[in-house]
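The structure appears right after this line, and notes come after that.
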Amino acid sequence: MNLNSPLTDLKGIGDKTAQLFAKVGVSDVGELLAYYPRAYERYEEPAVLSSLREGETASVRGQLAAPIVNQYLRGRCISTAVCRCAPEDDRIAAGTGRMDGPGDELLLTWYNMPYLKNSLRTGEEYIFRGKVKKKGRRPLFEQAAVFSAAQYQALTISLQPVYSLTRGLTIKMVQKAVKQVLLSGDGEDADDLPEELRDRYHLCTWRQAVSQIHFPDNQDTLSQARRRLVFDEFFFFLIQLRHLKERRGWAEHPFQIQEKGAARLLISALSYELTNAQKSVWDEIRRDLTGEKVMARLIQGDVGSGKTILAVLALLTVAENGYQGAMMAPTDVLARQHFDSIQTLLSGNHLPYEVLLLTGSMTASQKKEAYAKMASGEASIIIGTHALIQEKAIYHNLALVITDEQHRFGVRQRENLSQKGSTPHTMVMSATPIPRTLAVILYGDLDISVLREKPAERLPIKNCVVGPSWRPKAYAFIESQVRLGHQAYVICPMVEESDMVDAENVMEYTETLRQAFHGAIRVGSLHGRMKPAEKNEIMERFLQNEIQVLVSTTVVEVGVNVPNATVMMIENAERFGLAQLHQLRGRVGRGAAQSYCIFLHAVDNDAIRERLDILNHSNDGFEIAAKDLKLRGPGDLFGVRQSGLMNFRLADIYADAEVLQQANEAVGRMMEEDPDLELPGHQKLRERYEALVSRRGESVNL
């Protein structure tokens, strides 16, 4: 068995189970081993009832006071019971968020589990684990897990992995499949990283890392495993980046590009004046376009710093010289918005260049027409999504490629777009504020321009950091903003409720808000599990103000420009990094009205308040990113994580900055010694690198 073996080669996995794994992106053994847990659950000692807090997950020891009662309602079995716990003398007063009712009883409810009536007996001791709710003055567990004392004790000595799942796929199924692969090894710990490299950077072996990331013995072995896998992610990413840079080198281009006045005309016609930073960066872009060498430039600007107009000026300069320019955006909605705004700018200023839209959601006939205009050269400026790099997308004379929100694309995707032309100029844009020391590594093949200045007419966003008790006031504030004609975002870290993670989720929160607003405000929901067409429809409705409050996961981090949105409320803010919170905040503050961001944290301690207070006092993304780099640590990384910078599975460029720098040093040494990885000791390294690069055309992420 090897990493490319299909899952159906594993015992107990047939076509039906393989289809479930395919829904979460796992189709072969290699993808299974790289399907890392998204969190780890720690089973603490059972709690006393008086210490329970509503909304948290806890374990309680006790006995059933009476047999379980099964009732049937509309074909659904509802099982109820009362757990009698040891009497408590340490009553805790109301107002602390803790239970203070009848201190020795826990209510239990299960749905569609009638067999429990015969398997759980009165008088025997069990440990029940679930999410704490409240019914009257008594705590309630719904769908509680049930353990014997011995079973629970075994769980307390280890960390239990939690995976992202789909309906029908369970944690036990994932664990069983992973264990089978790990046990099928021949005993040899073959490792593609040379031993000398592992020793220098104190890395465990790959087999140890994979085993411990899925089944950690303790926190220390988990940290060691994660560090090795993070190192690998950075290491192979940087090798690919070095090769890309070497191929590009100081290549000359075949284009004759001169300034002919179109860009100057558009700048003079704008309703605002470019900032000094925009003027300076435009000068750099202009010199690149008209120079002899191929441009390879990153435009790194904070949210709202005005990167898009620079892209328009570059595209216009290329078009007026008779060439084509293409800009790739990460979503259909954002691509369409770029298309509409560019088309309006050009037609409003009588600039006769055709702008074309190409996205995956277009019909076959629409795509066919777009392909024809691209191939003939009739279209000068092409805006689109990943559809721009599909095989059928053929360009007439592509001279400039731009990728927007660069951190959403892998190196391979950026390279694929560049290969659509004859050594075209490359310009990539990112709103993610990365400290320059890290940006130089992560974008090692590019010259870097930074926009630190924002347009003068933008009002600074007003921020507040509050606890959950402030939630009713937040709802009232959102309602008042909607009455003024504005809109709001509410961000939740989860798509739906989980027994394993205490965090707000989109599905329940959407219904909560609909009830809170009594139907007077239209509330919509958005999350990454939706099909592209669904997401596009929701964002279009929000853009048109048909939805006033949008409840979403971080999928809106890269979204459309909605100037009418004035409130961003982020639930469980403590679960996100500061840089990501700043990115989310950047969805508002794009219009003339005053905008607000509410960071609501469910966990309250000094460290969390210190981190979030940085956002409370600063709207400068680069300053925030630098502080994020200092404050975050590996302990923050196994919470709910729905998107990662640069498409890494595990690596976090802020918390793992030290590992990134070590991987960069290691790649530098290796490229000097053996740039083509041809030495005998590097054979396995070369094989793995080539497999990663060629694997389904993806970027070189594990």
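The values are calculated or read from the model by the stated rules, or taken from the named source; none is laboratory data. Just so it is clear, the model here is predicted, and its values are computed rather than measured. Because the Cβ atoms are built from the backbone with ideal geometry, glycine has one as well, and the counts that use them run over all protein chains shown. Note: areas computed on protein heavy atoms with side chains; ligands, DNA, RNA excluded. Shrake-Rupley method; radii C 1.70, N 1.55, O 1.52, S 1.80 Å.
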Once you've got the Cα coordinates, tell me which of Lys307/Lys535; Lys367/Lys392; Lys131/Lys179; Lys260/Lys307 are over 18 Å apart. Lys307/Lys535; Lys131/Lys179; Lys260/Lys307
Using alpha carbons only, how many degrees (0 to 90, rounded to 10) separate the axis of helix 683-694 from the longest principal axis of the chain? 80
Identify the residues of the stretch 562-594 with backbone N under 13 Å of a label point that sits 7 angstrom from the Cα of Arg471 along the Cα-to-Cβ direction, or state none. 570-573
From the Cα gyration tensor of the stretch 337-386, with a ≥ b ≥ c the square roots of its eigenvalues, which class applies: rounded if a/c is under 1.5, or else prolate if a/b is larger than b/c, or else oblate? oblate
Which entries in the list Lys172/Lys531; Lys23/Lys134; Lys23/Lys135 go over 30 Å, if you measure between the two C-alpha atoms of each? Lys23/Lys134; Lys23/Lys135
Any aspartates and glutamates with Cα under 12 Å of the Lys373 Cα? List them, leaving off those in the same chain fewer than 8 positions away. Glu354
Label model pair Asp674, Leu182: point-to-point distance (7 angstrom along the Cα→beta-carbon line) in nm is 2.9
How large is log10 I(q)/I(0) at q = 0.08, 0.11 Å⁻¹ when the Debye formula is applied to the Cα atoms of the chain, each weighted equally and without solvent? -0.71, -1.29
So if I take the alpha carbon set of the stretch 150-309, get Rg, then get Rh from the Kirkwood formula, what is the Rg over Rh ratio? 1.21
The whole-number value in µm²/s of the Stokes-Einstein translational diffusion coefficient for the stretch 521-595, with Rh from the Kirkwood sum over alpha carbon pairs at 10 °C and 1.306 mPa s, is 123
Angle check, please: helix 657-673 long axis (alpha carbons) against the longest principal axis of the chain (alpha carbons), in degrees 0 to 90, nearest 10. 50
With axes computed from alpha carbons, what is the tilt in degrees of helix 506-516 against the longest principal axis of the chain, rounded to the nearest 10 within 0 to 90? 80
Enumerate by residue number the chymotrypsin sites (Phe, Trp or Tyr not before Pro) in the stretch 229-314 meeting two conditions: DSSP loop (anything except H, G, I, E, B), and at most 12 other Cβ atoms within 10 Å of the site's Cβ. Trp250, Tyr272
At 0.36 nm per residue, minus the direct Cα-Cα distance, what do Asn112 and Glu508 gain on full extension? Give it in nm, one decimal, please. 140.5 nm
Ala154 versus Gln419, label points 7 Å from Cα toward the beta carbon: distance in nm? 5.1
Per-residue [θ]222 nm for the chain (sum of -39500 (n - 2.57) over DSSP H runs n ≥ 4, rounded to 500): -11500 deg cm²/dmol
Would you mind getting me the FRET efficiency between Ser280 and Lys462? Use the beta-carbon distance for r and R0 = 35 Å, nearest 0.05. 0.75
Per the Kirkwood formula over distinct C-alpha pairs, the hydrodynamic radius of the stretch 244-329 in angstrom is 14.0
For Cys77 and Ile267, what does the FRET efficiency come to when R0 = 60 Å and r is the distance between their Cβ atoms, rounded to the nearest 0.05? 0.30
Over the chain, give the accessible area per residue in Å² for a 1.4 Å probe, as an integer. 44
Where the accessible area of the chain is counted over protein heavy atoms with a 1.4 Å probe, how much of it, in %, is carbon and sulfur? 49
